[in-house]
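Working notes for the structure below.
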Amino acid sequence: MEATTRLTWLQRNLKGDPILWAIVILFSLISIAVVYSATGTLAYRNELHGRAGSAELIVLKHSSLIFLGLGLMWLAHRIDYRHYSRLSLYALLLSVPLLLFTYVMGGETNGASRWLTIPVINQTFQPSDLAKLALISHLASMLSRRQQHLHDFWSTLFPVMLWVGVICGLIVLSNASTALLLFLTCLLLMFIGRVPLKQMLVMVLIGATLGGVGLVAGQRWKTVQSRMESFSNPNKKPAFQLEHSFIAIATGGLTGKGPGKSTERNIMPHPYSDFIYAIIIEEYGMIGGLFVLFLYLAFLYRGLKTVMNSQGAFGGLLSAGLSFSLVLQAMVNMGVAVGLGPVTGLPLPLLSMGGTSLVFTGLSIGIILAVSRGERETRPMAGEPADTPRIPSKRAQYA
């Protein structure tokens, strides 16, 4: 009887894709365990410099941010996802001055101004996280409303290119890898949204030109140059953190050293964020690394299944954009750890220790779950035009 009651409660309060819920909760548990293991050196440095922050306190703060992210994910999934169409524009309008202010006055990490400190709670906040979520949501909204006018450059694609150019251009000034991934996600979203390839090619050319100018004029040009040269030159010794990432992976073997037994966490910079995947392989072996990779692929599959089952263009594009954004970042982070790409500094979504990035990741997944609940978009919301029907498949277009 008690089991039936719990099942009824879960069905009533946790709507949307149950497998997606299970994947996210499993990621959260893995994150808490690995971050606790990887922050021993950070806790030691805190103690050495007289700062509060034992490993237990660090993981407690990390766990509280995970639970906050899960709570916001639950709230976001309870909202009719069509509301995000309007909210995305307000979030974009807020993101532009925040990105400008951060670039001029924000706190620096490795020579780049990427974050602001929220007063009172003393928590760091990266406006680029808000800008990514807002841009993907607004791009999905614009494309869904203009499905019948995609060949009209000035009324349809110019606003799209303008917003993508402004947001990616502001982000590239201090964070080239995030800007590039966001730009690629927008291109994927445009491809799914049936934007003509000619128009996409124009956007790629404009984006490459403006992105290059922004990169050279920004704060990360020399760093990007150095990392690209280091990656492309096989005779050059790899970067310090990458070298120890290779050692962690090589010594992890098939089954790993065991939870909490990593040695490279004491040497490698940021083992709890940028290179947490190397620590996972060192402690849990290739089996653990492949399991994490499988979870991300399963997450992408469930996100794309939500796209296929969505009742309208906006829901499908929204779910596709957010799913690709999270999984692309994960693939880049894991690729860097195993030497398939230059060092980027991107955290591993859902697993790395982070600040507000965990919160915005939770919001993104909550929106995907809201789409998976299956509300229809045939009836317009108050004050809004009716949305277009779901994007037809290629077979349907030529039937």
Odd one out for G71, checked against (1) modelled with pLDDT of 90 or more; (2) buried (at least 20 other Cβ atoms within 10 Å of the Cβ); (3) assigned to a helix (DSSP H, G or I): (2)
Selected residue (only one of L188, L133 is of a type outside the set (F, W, Y), over 23 Å from L94 (Cα atoms) and within 16 Å of the chain's Cα centre (by Cα)): L188
Subset tally (residues that are within 19 Å of I23 (Cα to Cα), of a type in the set (A, V, I, L, M) and open to solvent by 20 Å² or more (accessible area, probe 1.4 Å)) for the stretch 259-297: 4
Test set (1) part of a helix (DSSP H, G or I); (2) surrounded by fewer than 24 Cβ atoms within 10 Å (Cβ to Cβ); (3) not aromatic (F, W, Y) - T124 fails condition number: (1)
Within the stretch 353-369, tally of residues that are crowded, with 23+ Cβ neighbours inside 10 Å and not in a helix (DSSP H, G or I): 2
Filter result for L182 (open to solvent by 10 Å² or more (accessible area, probe 1.4 Å) and in a helix (DSSP H, G or I)): no
Answer from A91, A33, A38, A112 - the residue that is open to solvent by less than 30 Å² (accessible area, probe 1.4 Å), at pLDDT 90 or above and of a type outside the set (S, T, N, Q): A91
Pair list, Cβ < 6 Å and 6+ apart or interchain, from the stretch 183-203 residues that are in contact (Cβ under 8 Å) with a residue 40 or more places away in the chain to residues that are surrounded by fewer than 22 Cβ atoms within 10 Å (Cβ to Cβ) and not in a helix (DSSP H, G or I): V195/L150
Residue check, E243 in the same structural domain as A370 (by the TED database), among the charged types (D, E, K, R), in contact (Cβ under 8 Å) with a residue 12 or more places away in the chain and farther than 21 Å from M331 by Cβ: no
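Residue-wise test of (1) assigned to a helix (DSSP H, G or I); (2) open to solvent by 30 Å² or more (accessible area, probe 1.4 Å).
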position: V164; (1), (2): yes, no
position: S174; (1), (2): no, no
position: A208; (1), (2): yes, yes
position: G214; (1), (2): yes, no
Leading residue by the ranking (least open to solvent (accessible area, probe 1.4 Å)) among those in the stretch 231-254 that are among the small types (G, A, S) and modelled with pLDDT under 80: A239
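The values are calculated or read from the model by the stated rules, or taken from the named source; none is laboratory data. What you see is a predicted model; the values in this text were computed from it and never measured. Positions of Cβ are backbone-derived with ideal geometry, glycine not excepted, and every protein chain shown enters the neighbour counts. Heads up: the accessible areas ignore ligands, DNA and RNA and are worked out on the full protein's heavy atoms, side chains in. Shrake-Rupley method; radii C 1.70, N 1.55, O 1.52, S 1.80 Å.
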